[in-house]
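Visitor: A single structure is presented below for examination.
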Amino acid sequence: MTALVALSGVSKSFDNGVEAFGPVDLQIGSGEFVSLVGPSGCGKSTMLRVVADLLAPSAGTVGFPDGRPEIAFVFQEPTLMPWARALENARLPLDLNSVPRAEADARAEAALARFGLKGFERAFPRELSGGMKMRVSIARALAARPKLLLMDEPFAALDEFTREALNDDLLSLWHEDELTVLFVTHSVFESSYLSTRVIVMTPRPGKITADIALSQPTARGPHYRLSPEFGDIARRVSSALQQTTGSTA
Amino acid sequence: MNASLRYAVPLLLGIAVLCSWEFAVRHYNVPVFVLPAPSAIWQAFVENFGTLMSALWVTFRIVVIAFVVALASGVALAVLFSQSRIFELALYPYAVALQVTPVISIAPLIMIWFHYENIDLALLLLAWMVAFFPILSNTTLGLHSADRNLIELFKLYGASRWQILWRLQMPTALPFVLGAMKISGGLALIGVIVAEFAAGSGSDTGIGWTITEAGNRLHIATMFAALGLLSFVGISIFFALSGLEYALLRRWHESALKKVQ
């Protein structure tokens with residue numbers, strides 16, 4: 001497996017002296033679903049922004065051995081333009097890259113339909129529920145046809161039912177489109193459910209303390225959330241996390 | 001509260017006040033040069049209709065031009081500020097100075113500069129000075145208010161400065177600009193009237209001068225008629241701009257959500 005992203009000795013500290021994370025060495029292979037878990041404030045989100053080149057690393061390099069892939073980013077908030085309809089929001093990456101309108105519309109419509117929003121193309125964000133807004137946000141990421149999808153606690157603000165439905169949709173998307181996903185979460189269960197690999201980080205400045213490889217999530221059948229196997233994985237991730245934070249809770 | 005009640009209540013109050021006013025003036029024999037009765041004001045309005053209307057038109061035309069120029073220049077300067085920090089640092093204090101200096105105190109100076117010859121231009125300049133700042137200030141705030149995450153997203157997808165300005169900052173600023181327009185519309189009217197007062201007989205055509213002159217002649221009923229016209233214009237400007245605001249924001253902005261009461 002070739003590495004899609006390779007971080008070597010990457011760290012980030014801010015102008016005010018706060019060290020966010022690092023140094024971190026991490027290779028993410030094409031097709032992996034990697035979750036980053038860690039106590040809040042451990043620099044997970046900062047790391048995601050460094051990978052996306054939204055922030056420059058203070059030290060080390062972020063390399064893409066096979067060239068920089070198309071990258072899409074999904075934030076914790078849906079981050080939609082309130083004045084634009086669902087279709088226009090989903091079309092944004094294409095509009096910014098001057099994709100012809102007809103093609104952009106078709107791709108954005110397909111991305112929305114893919115995420116269960118057929119018939120809502122002309123809706124404004126405030127006419128949609130929290131879960132649907134997040135679906136538009138993911139459809140926008142999809143419309144760009146990314147190879148690498150970066151997600152920063154995308155489902156943290158959603159209720160449990162919506163979150164589980166979106167988890168399943170995300171998994172089938174990852175599988176069908178052969179995406180590589182780097183997923184920041186503070187939920188042990190979510191990371192255990194979604195990932196092929198869970199990276200556990202220490203409190204700030206965040207360093208990698210455990211790197212846990214899991215089975216293929218798509219091979220996991222229905223009712224997996226209730227299975228003993230899932231319980232084992234969650235326990236492993238949870239205990240790695242507890243060791244880093246020193247808590248016994 | 002239902003819609004008809006919302007219009008009926010203030011209307012009834014207005015009628016009640018007018019009736020008591022009429023009654024009080026007649027009952028206590030208040031001289032017409034102190035407080036004319038509503039019927040006398042109406043009579044003055046009808047008698048002077050032609051003069052009042054042409055005076056109002058002269059004033060209104062300058063108000064509209066001053067407002068449009070203030071809107072265009074305020075937005076343009078705010079865009080410049082948003083693109084260049086140096087410009088903002090250099091110019092903003094002077095824009096504030098222009099705003100806080102009372103227009104009535106600058107008016108005589110402007111009149112002298114324009115030699116009382118090109119008086120319309122002087123009125124325009126003074127009205128612009130008061131109407132300009134709210135547009136500049138609010139638009140600047142609006143352009144700076146774009147969602148941080150959306151800015152990052154735009155950058156991630158390789159947006160140019162122009163695309164960020166046009167597709168993100170401008171729409172974000174729109175509600176701010178519309179709010180400022182409601183303030184500036186009223187201020188432009190005030191600015192022109194104040195300037196007409198300051199110009200005195202130099203401007204002998206506008207409604208501000210009509211008020212001054214009617215006052216000098218103790219034609220108090222005509223003064224009231226002109227005042228009534230002015231508030232009618234002010235209210236119309238406000239409602240027209242509120243309508244524009246509603247039309248542009250009703251689909252997406254929180255402020256236009258139907259209130260749950």
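Visitor: Of B:Gln99, B:Gln163, B:Gln43, which has the largest mean-square fluctuation in a 10 Å C-alpha GNM of chain B?
Guide: Per the Cα network of chain B with a 10 Å cutoff, B:Gln163 tops the list.
Visitor: May I pose another question? About its Cα centre, how strong a charge dipole does the protein assembly as shown have in debye, to the nearest 20, once Lys and Arg get +1 and Asp and Glu get -1 at the Cβ?
Guide: 360
Visitor: Kirkwood Rh over alpha-carbon pairs of segment B:29-130, then Stokes-Einstein at 10 °C and 1.306 mPa s: what D in µm² s⁻¹, rounded to an integer? Show your work: numbers first, answer last.
Guide: On the way: Rh = 17.0 Å.
For the chosen part, D equals 93 µm²/s.
Visitor: Among B:Val34, A:Val237, what is the fewest-to-most ranking by other Cβ atoms within 10 Å?
Guide: With the sparsest Cβ surroundings first, the list reads B:Val34, A:Val237.
Visitor: If you take the beta carbon distance between B:Ala16 and A:Glu160 as r and set R0 to 60 Å, what does 1/(1 + (r/R0)^6) give as a FRET efficiency, to the nearest 0.05?
Guide: Once rounded, the FRET efficiency stands at 0.50.
Visitor: Among A:Gly131, A:Gly231, A:Gly119, which one shows the biggest mean-square fluctuation in a GNM of chain A, springs joining Cα atoms closer than 10 Å?
Guide: A:Gly119
Visitor: In whole Å, what is the distance between the alpha-carbon centres of segment A:56-116 and segment B:190-223?
Guide: So the two Cα centres are separated by 60 Å.
Visitor: At 1.002 mPa s and 20 °C, plugging the Kirkwood radius over alpha-carbon pairs of chain B into Stokes-Einstein gives what diffusion coefficient in µm²/s?
Guide: This corresponds to a translational diffusion coefficient of 101 µm²/s.
Visitor: Rounded to the nearest 0.05, what FRET efficiency is calculated for B:Asn118 and A:Glu70 with R0 set to 56 Å and r the Cβ-Cβ distance?
Guide: Rounded to the nearest 0.05, the efficiency is 0.40.
Visitor: Sticking with the crude label model, points 7 Å out along Cα→Cβ, report the distance from A:Ala59 to A:Glu19 in nm, one decimal please.
Guide: In this crude spin-label approximation the distance works out to 0.8 nm.
Visitor: Let me ask something else. Name the long-range amide H neighbours of A:Ala123: under 5 Å, sequence gap of 5 or more, or other chain; modelled H, no Pro or chain starts.
Guide: The list, which skips near neighbours in sequence, is A:Ala86, A:Leu87.
Visitor: Also, quick follow-up: Can you tell me, using C-alpha contacts under 8 Å and at least 6 residues apart, the relative contact order of segment A:1-95 as a whole percent?
Guide: About 31 percent, as a whole number.
Visitor: Provide the per-residue ³J(HN,Hα) series for segment B:206-211, in order, calculated from phi with Karplus coefficients 6.51, -1.76, 1.60 and θ = phi - 60°, each as a whole number of Hz, with x at glycine and proline positions.
Guide: Using θ = phi - 60°, the values come out as x, 6, x, 5, 3, 5 Hz.
Visitor: Roughly what % antiparallel, to the nearest 5, for the DSSP beta bridges in the protein assembly as shown?
Guide: Roughly 45 percent of the DSSP beta bridges within the protein assembly as shown come out antiparallel.
Visitor: Looking only at B:Met129, B:Met170, B:Met181, which one moves most when chain B is put into a Gaussian network model with springs between Cα atoms under 10 Å?
Guide: Evaluated over chain B, the most mobile residue of the options is B:Met170.
Visitor: Antiparallel versus total DSSP beta bridges in chain A: what percent is that, nearest 5?
Guide: In chain A, DSSP labels about 45 percent of beta bridges as antiparallel.
Visitor: Can you give the calculated 222 nm mean residue ellipticity of chain A, where each DSSP H run of n ≥ 4 adds -39,500 (n - 2.57) and the sum is split over every residue, rounded to the nearest 500 deg cm²/dmol?
Guide: On the way: 8 runs with 88 residues, N = 249.
Estimated from H runs of four or more residues: -10500 deg cm²/dmol.
Visitor: Using 1/(1 + (r/R0)^6) with R0 = 51 angstrom and r between the beta carbons of B:Leu5 and A:Arg145, what's the FRET efficiency to the nearest 0.05?
Guide: 0.35
Visitor: Hey, another quick one. Go through segment A:119-124 residue by residue and turn each phi into a ³J(HN,Hα) via Karplus (6.51, -1.76, 1.60, θ = phi - 60°); whole Hz please, and just put x for glycine and proline.
Guide: In residue order, the calculated couplings are x, 10, 4, 9, 7, 8 Hz.
Visitor: In sequence order, what are the phi-derived ³J(HN,Hα) couplings for segment A:103-109 according to the Karplus relation 6.51 cos²θ - 1.76 cosθ + 1.60 with θ = phi - 60°, rounded to whole Hz, with x for glycine and proline?
Guide: Values, residue by residue: 5, 4, 4, 4, 5, 5, 4 Hz.
Visitor: Going by how many other Cβ atoms sit within 10 Å of their own, how do A:Val10, A:Val62 line up, fewest first?
Guide: Listed from fewest to most nearby Cβ atoms, that is A:Val62, A:Val10.
Visitor: Based on alpha-carbon centroids, what's the gap between segment A:145-202 and segment B:8-65 in Å, whole number please?
Guide: With segment A:145-202 and segment B:8-65 each reduced to a Cα centre, they are spaced 70 Å.
Visitor: Restricting to Cα pairs below 8 Å that are 6+ residues apart, what does the relative contact order work out to for segment A:86-146? Please round to a whole percent.
Guide: Reported relative contact order: 50 percent.
Visitor: 5 Å is the cut-off here: which amide hydrogens, built 1.01 Å from N in the peptide plane, fall below it relative to A:Gly63, excluding neighbours closer than 5 in sequence?
Guide: A:Ala6, A:Leu7, A:Ser8
Visitor: Work out how far the C-alpha atoms of the protein assembly as shown reach from end to end along every principal axis, then list the three figures in whole Å, largest first.
Guide: 98, 51, 51
Visitor: A further question follows. What is the gain in length, in nm to one decimal, between B:His27 and B:Leu218 on full extension, counting 0.36 nm per residue of separation less the C-alpha to C-alpha distance?
Guide: Full extension from B:His27 to B:Leu218 adds 66.6 nm.
Visitor: If contacts are Cα pairs under 8 angstrom and at least 6 residues apart, what is the relative contact order of segment B:104-261 in percent?
Guide: Answer for segment B:104-261 is 26 percent.
Visitor: Now, a different point. Give the long-range amide H neighbours of A:Leu214: residues separated by 5 or more places, or on another chain, with amide H under 5 Å away, using H modelled in the peptide plane at 1.01 Å from N.
Guide: A:Arg197, A:Val198
Visitor: Neighbouring Cβ atoms within 10 Å as the yardstick, rank A:Asp177, A:Asp15, A:Asp152, A:Asp232 fewest first.
Guide: Values: A:Asp177 14, A:Asp15 5, A:Asp152 23, A:Asp232 11.
By the 10 Å Cβ count, ascending, the order reads A:Asp15, A:Asp232, A:Asp177, A:Asp152.
Visitor: A follow-up question, please. How big is chain A in terms of Cα radius of gyration and Dmax, in angstroms?
Guide: Reported Rg and Dmax, both Å: 18.1, 57.
All of the numbers you see were taken from the coordinates with simple rules; none came from a lab. What you are looking at is a predicted structure, and each value in this text was computed from that prediction instead of being measured. Counting neighbours? That spans all protein chains shown, and the Cβs are built from the backbone with ideal geometry, glycine included.
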